[in-house]
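The values are calculated or read from the model by the stated rules, or taken from the named source; none is laboratory data. All of these numbers come straight from a predicted model, not from anything done at the bench. Cβ: placed from backbone, ideal geometry, glycine included. Neighbour counts: every protein chain shown. Heavy atoms of the whole protein, side chains included, go into the accessibility calculation; ligands, DNA and RNA do not. Shrake-Rupley method; radii C 1.70, N 1.55, O 1.52, S 1.80 Å.
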Amino acid sequence: MNSLSVNDERLLGRLQRLGEIGRGADGRLVRLAASDAEKLGRDQFVAWLKETGIEVAVDRIGNIFGIWRPEGVADNAPLMLGSHIDTVIDAGIYDGCYGVLAGLEIIATLKESGLRPDCPIAVAAFTNEEGVRFAPDMMGSLVYAGGLDVDVALATTGIDGAILGNELRRIGYDGDMEPGFIQPHAYIELHIEQGPVLEREGIQIGAVENLQGISWQRVTVNGDANHAGTTPISMRRDAGHAAARVITFLRDRALSSNTPTVATVGCMTFEPNAINVIPSRAVFTVDLRDPDEDRLREEEAALEAFLAKVARDEDVLIEVERLARFEPVKFDRQIVELVEAAASRRGHTCRRMTSGAGHDAQMIARMAPSAMIFVPSIGGVSHNPKEKTHDTDLVAGANMLLDVVASLAKASKTAEV
């Protein structure tokens, strides 16, 4: 199988082409879910699917599928590949798009080589993985796997007031297939690492064996606004100080732990937000992550207990809203082993690893054996225009995906090309 390789020029060229779609006059790449810019990206992806000569299908949540059904195997459960093409604001060009376009390249390479799999192969571009415009993130794959009702998702209001279902209809991607219409026998997602581990250790391939659980909460602290100069420190009900104590607690707890737990406060607002007024209100988010469910629950409980202590100490009222909760995911052991074996055959260094970010694979793992392949990210940078992976690593990862697909789909030579 190692004699077969992807068309690197085609793969890298498409990555660059898609990376220009949605780029504004200021040079920033922004392709938010169901936006005009993302429509252009979707249109290009569909054009490439049709150019490859495979079936195109769109479901009601807007997920796009390119499906290759070789003669004689059309009724078998497909092998699914994929990721997403929506982006964050001021994005890089690889996150998500690499997995989608590599999946398409694998189908094209197999078709051109005359190797016929014993099952159909589908490549998916899932809707709203980033969750920037519409919440929650990974929405399209979550709906597809049955974790969120499609009508509830379509009724979601975005940060700009738009309704997702209306926006999908407006851009022409409100499909008629029910989410879940393809029941894959396995799913594989190729992705840049978005972290520094592979580059730091000089490893070429990551065989992703699990994915961290994620707990998102919004915390609201209510105190009293008062004069910054005339109110003694001991007499304040300072919502800002209470919020600061929580941030420090979370960081100190994570730093002192010998576990991979991470905690982040990513959003914060004060009211009245004036330099000479004690904050009466502080609203902030907490992102907790750990690959072990018991530890994640422990961190949630520790936060809950500390919030209660802060409320007593600072004489403030604290409210907590759950925004999202995803349990840790363990990927399929046999697929992970296939990744390791393929790396060995290709002469690549490889290590098992945990994904710290959320991915569509964690949702599809609810319905089919799944796993991921990582390639290094330079400097560990992602969600940033400086996001970069060497071309040689991008091609190596695509060839790894090709080998694993050939093994899972048991591709064999046929007279037809």
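Structure data summary
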quantity: Which listed residue is more than 17 Å from ARG133 (Cα to Cα), free of Cβ contacts under 8 Å to residues at least 12 places away in the same chain, in the same structural domain as GLY103 (by TED's automatic domain parsing) and more than 20 Å from the chain's Cα centre (by Cα), from GLY13, GLY53; calculated: GLY13
quantity: The range 340-374: number of residues that are closer than 25 Å to TRP216 by Cβ, open to solvent by less than 60 Å² (accessible area, probe 1.4 Å) and charged (D, E, K, R); calculated: 1
quantity: Close pairs from the range 19-31: first under 9 Å from ALA91 (Cβ atoms), partner of a type in the set (Asp, Glu), Cβ under 6 Å, at least 6 apart; calculated: ARG28/ASP90; ARG31/GLU38; ARG31/ASP86
quantity: In the range 274-291, residue surrounded by the fewest Cβ atoms within 10 Å (Cβ to Cβ) [restricted to those that are part of a loop (DSSP other than H, G, I, E, B) and more than 29 Å from the chain's Cα centre (by Cα)]; calculated: ILE275
quantity: GLU209 vs. criteria over 19 Å from the mean Cα position of the chain (by Cα), within 27 Å of LEU288 (Cα to Cα) and not small (Gly, Ala, Ser); calculated: no
quantity: Whichever residue in the range 132-152 is among the aliphatic types (A, V, I, L, M) and out of contact with any Pro (no Cβ under 9 Å at 6 or more places or on another chain) and, among such residues, is surrounded by the most Cβ atoms within 10 Å (Cβ to Cβ); calculated: MET139
quantity: Top-ranked residue in the range 153-168 [being surrounded by 14 or more Cβ atoms within 10 Å (Cβ to Cβ) and out of contact with any Leu (no Cβ under 9 Å at 6 or more places or on another chain); ranked as nearest to ILE93 (Cα to Cα)]; calculated: GLU167
quantity: The range 154-169: number of residues that are out of contact with any Phe, Trp or Tyr (no Cβ under 7 Å at 6 or more places or on another chain) and either without any contact (Cβ under 8 Å) to a residue 60 or more places away in the chain or closer than 18 Å to ILE182 by Cβ (or both); calculated: 9
